[in-house]
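Remarks on the structure that follows.
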Amino acid sequence: MSSSTTTSSAVPVSGQPRSSTDRRGILFIISAPSGTGKTTLCKQLTTNLPGLWHSISYTTRTPRSGEEHGRDYYFIKERTFQEMIERNDFVEWAHVYGHLYGTPWKSLTEKIDQGVDVLLDIDVQGAMQVKKRFEDSVSIFILPPSMTVLKSRLQTRASDTPEEIQRRLQKVKEEVWSYREYAYIVRNEDLGRSLRDLESIFWSERLKTKRLNMTWLENNFILDDEQKTGDRKDLP
């Protein structure tokens, strides 16, 4: 990938000025066991919430039925993936169920610097790597109602062999131990309720004081006109 600057931009991609509470974008990390409904929830979130962009990962696995290159994943050859690793193109990358998955640096950081919130759905292993590099990220773990329900969902979708299903269920037991590393936990028993819970998390994080543009707040409510026009470099 070509190099890019990561300094904060004054206007987003659309060219329209951002709001008076202008801020950097937030990185939201969502992890969930396979079959939990994560994909459906993430797609609905990006539809419902303005200013949210769903990051697309690269993978060496073949597309499943209904998946499209550039929409669900970037499906590439392993040789191409290895070349991207050598160029340090990934925020993180990992082996998952025999295939390589990676999150690209460039598009993710550009969106954040433009004030766009980024939704990254990723496995636990990758999430731990990303959290180390983006300490201000917001992590959410989605759980199924129970292991019994999850097993039934995996069997119903009929995309995995019985051996693969058993391997996925074992991995779930291992991943659930990482729940303490996540800021929020959402139990997806009812899709509508889970979606509302997730939307509440996103809106709450956007309204946190630490994420607001303090320059705008000070200029409008604290500083006198003389202070606004003066040199403010020495202000704390």
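The values are calculated or read from the model by the stated rules, or taken from the named source; none is laboratory data. All figures in this text were calculated on a predicted structure; none of them were measured in a lab. Glycine gets a Cβ as well: all are built from the backbone with ideal geometry, and neighbour counts include every protein chain shown.
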Within the stretch 110-131, can you find the residues that are closer than 20 Å to Leu100 by Cα, of a type outside the set (Gly, Ala, Ser) and in contact with an Asp or Glu (Cβ under 9 Å, 6 or more places away or on another chain)?
Ile122, Asp123, Val124, Gln125, Met128, Gln129, Val130, Lys131
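Matching residues to (1) more than 21 Å from Arg167 (Cα to Cα); (2) aliphatic (A, V, I, L, M):
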| position | (1), (2) |
| --- | --- |
| Arg87 | yes, no |
| Glu92 | yes, no |
| Leu100 | no, yes |
| Ile112 | yes, yes |
| Phe134 | yes, no |
| Ser139 | yes, no |
Scan the stretch 173-183 and tell me whether some residue there is of a type in the set (A, V, I, L, M, F, W, C) and closer than 26 Å to Leu154 by Cβ.
yes
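Across the stretch 216-236, what is the number of residues that are at pLDDT 80 or above and in a helix (DSSP H, G or I)?
Residues in the stretch 216-236 being at pLDDT 80 or above and in a helix (DSSP H, G or I): 4 in total.
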If the requirement is being under 30 Å from Asp22 (Cβ atoms) and free of Cβ contacts under 8 Å to residues at least 24 places away in the same chain, which of these qualifies: Lys106, Lys77, Lys111, Lys132?
Lys132
Which of the numbered conditions does Ala158 fail, given that it passes all the others? Conditions: (1) among the aliphatic types (A, V, I, L, M); (2) closer than 18 Å to Arg64 by Cα; (3) modelled with pLDDT under 85; (4) buried (at least 18 other Cβ atoms within 10 Å of the Cβ).
(4)
Hey, any hits in the stretch 140-148 for a residue that's in contact (Cβ under 8 Å) with a residue 12 or more places away in the chain and within 16 Å of Ser55 (Cβ to Cβ)?
yes
